[in-house]
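Everything on this sheet refers to the single structure shown next.
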Amino acid sequence: MNMRLAVLAVVVLSSVALVAQAEPAVPLEALSKMPVKEITVFKDGHAFVLHEGKMNTDAAGEVVLDYLPSPVMGTFWPYSADKNIKLTSVVASQRKVQIERTAMTLRELIEANIGTEMRITENGITYNTTIVSMPCQSGEELEATSPPGTGEKLPVKSNLVLLKTSEGEKVVPIERITEITFKGEHKTKLANEEMRNLLKLQFDWAGKEPAKAVDVGMVYLQKGIRWIPSYRVSLDGKGNATVKLEATLINEMVDIKDATCNLVVGVPSFDFKDTADPIGMQQAVAQLSQYFRQDASSAGAFSNAIMTQARLGERMQAAPSSTAQPTVAPMDLGPEMAGTEQAEDLFIYTVKHVTLKKGQRMVLPIVEFTLPYKDVYVLDISITPPSDVFKTFDNNRQAEIARLLAAPKAMHKIRLTNKSEYPLTTAPVIILKNDRILAQGMMTYTSIGGKTDLGITTAVDINVRKIDKETKRTPNAERWDGYEYARIDLAGKITLTNYRKEAVEIEVVRNVLGNIDEADHEGTIDKVNVLEDATFGASGYPYGYSYPSWWRWYGWPYWWSHFNGVGRITWNVKLEAGKTADLGYTWNYYWR
């Protein structure tokens, strides 16, 4: 009996302790919001965010933040900015928050005015009464009676109303009350408890009285802000191009007010970008005057902290001067840009005083400079299938290939030489001359000192004709692996006619499957290593195009590459007005 009494006493005392230890709801106005001071934004939608400020402490000397980020694993780093105050821990948890809102329903108005005299209509009968209470199981009561470890609870409210009448207290279901009239002043707002994800920073005050405020900060990498660059290139017709870069900033993460924004050219490889840090309590991980300065603090933090997650072979350049788990909706971070961003060197543009709320978009002018350019005409003739391969295709495929290769066209381009202090990043570009648009295309990454071509239009004044023919077939020319192989010799001619009123420089590239023998008119012959050549292979077809559509129509045999390769001939021809040039070449391939 004594043992049972002892156990009962322990249970009772434990329940009392649970009630006593249950944390009360935090008033919303007591929560701090740490401002964003600086943000480093990448083109892939990740951002390295720096929050810092003087935050108020509560009675326990702790800072409770009403914001919980969803950082990439291993990138969340809080700190105390006061060297005399040590940050001991950071706790992320769901906490009860008391939030006052305007009463919007009859029930909320009744609940907000407990103890107030009023006139009510119940089932068509009207009488005077005073609201005594509305029964409610408090969160503390539910926590004390729930199994251990089930967490904080929100109050559970009854649908009953206790009314004081001349005959005593009357209990009425709230659904029966259809109308109320207040006799005097009444409240229009109601405070309710809700669950929110909060971040609590705890400090070692070394036995001293906690300060009313403390300087704190935190940095982290998270997906949710992205910048999309775009260029405007204006040609003066005399060899100079005015280049303007602007950034479209897309914010789906956190409000930014008067912050420094670093826009990064290039995207490092973050090994854990698809893994959320546990501090975020979520499984899902949710882009003016220009300044170019080196004293950006989060840019420096990026260099020191985030580089450990980046496998970079490049250099980094500094630019001049509720109760339930929240569901994260897919973020609209703008269209994806095709290009080679991860091959770009890192370069930072810094813009001061940026204000952008979550969900907003912003266009920022970034930089303007002048580059030299020249007009060039480029003719790139696609690889044609060998006649022995062509014969294996059906009539429809043969007709498609004939249509694609029937009339090669020269392209008018402008060639920019990047003599600015900034690299050119992968981005859309519009090209204008005398304020009239000539074309839109894609700027490709170009390092300082490099050159890049921007397509204008098809050069209709330069006529192109191409003729290829088989000149010889030698049976049993080679023997390998027990088989005999024939040699097929071919000859081709490209005829260019300039119908323009001035001379033009034309760059002609002819790619063939097989082995080039010779090329006239001082053509340069190269044998392309398709496994190593930067213009062929990983990025597709030579000069950035994809493989031709017919490439996978044929199952290339194992012996093909033993005898045959990819040959390339390059000519640089200056063609006077009204003149014609013939570019001849010969090549061969082997066939079993």
*Mind listing just one residue for me: the one in segment 37-58 that is touching a helix residue (DSSP H, G or I) at 6+ places or on another chain (Cβ under 9 Å) and farther than 18 Å from PRO69 by Cα and, of those, surrounded by the most Cβ atoms within 10 Å (Cβ to Cβ)?*
LYS43
*Please state which of the following conditions THR355 fails to meet, knowing it meets all the rest: (1) assigned by TED's automatic domain parsing to the domain that holds SER234; (2) at pLDDT 95 or above; (3) more than 30 Å from LEU68 (Cβ to Cβ).*
(3)
*Being farther than 18 Å from VAL64 by Cβ, touching an Asp or Glu at 6+ places or on another chain (Cβ under 9 Å) and buried (at least 16 other Cβ atoms within 10 Å of the Cβ) narrows it down to one of LEU199, LEU190, so name that one.*
LEU190
*Selection from segment 45-66 of residues that are under 22 Å from LEU249 (Cβ atoms) and either basic (Lys, Arg) or in contact with an Asp or Glu (Cβ under 7 Å, 6 or more places away or on another chain) (or both)*: LEU50
*Evaluate the following for LYS200: is it among the basic types (Lys, Arg), more than 30 Å from GLY455 (Cβ to Cβ) and in a strand (DSSP E or B)?*
yes
*Say we look at segment 215-232 and pick out the residues that are aliphatic (A, V, I, L, M) and buried (at least 23 other Cβ atoms within 10 Å of the Cβ); which of these is nearest to THR355 (Cα to Cα)?*
ILE225
_Checklist (1) modelled with pLDDT of 95 or more; (2) under 15 Å from LYS409 (Cα atoms) applied to ALA486, failing item_ = (2)
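Give the number of residues within segment 167-187 that are assigned to a helix (DSSP H, G or I) and either in contact with a Leu (Cβ under 9 Å, 6 or more places away or on another chain) or closer than 12 Å to GLY115 by Cα (or both). Working first, answer last.
Filtering segment 167-187 down to residues assigned to a helix (DSSP H, G or I) leaves 174-176.
From the residues that got through so far, the ones that are either in contact with a Leu (Cβ under 9 Å, 6 or more places away or on another chain) or closer than 12 Å to GLY115 by Cα (or both) too are 174.
Qualifying residue count for the region: 1.
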*Within segment 428-487, how many residues turn out to be in contact with a His (Cβ under 6 Å, 6 or more places away or on another chain) and buried (at least 16 other Cβ atoms within 10 Å of the Cβ)?*
2
*What strands (runs of 3 or more DSSP E), lying completely within segment 371-453, carry at least 3 residues that are touching a Lys or Arg at 6+ places or on another chain (Cβ under 8 Å), over 20 Å from GLU507 (Cβ atoms) and modelled with pLDDT of 90 or more?*
427-433
*Of the residues in segment 123-137, how many are in contact with a helix residue (DSSP H, G or I) (Cβ under 9 Å, 6 or more places away or on another chain), surrounded by 18 or more Cβ atoms within 10 Å (Cβ to Cβ) and not hydrophobic (A, V, I, L, M, F, W, C)?*
0
_Being of a type in the set (A, V, I, L, M, F, W, C) and exposed (fewer than 12 other Cβ atoms within 10 Å of the Cβ): is that true of VAL171 here?_
yes
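The values are calculated or read from the model by the stated rules, or taken from the named source; none is laboratory data. For clarity, every value in this text was computed on a predicted model and none was experimentally measured. Virtual Cβ from ideal backbone geometry, glycine too; neighbours counted across all protein chains shown.
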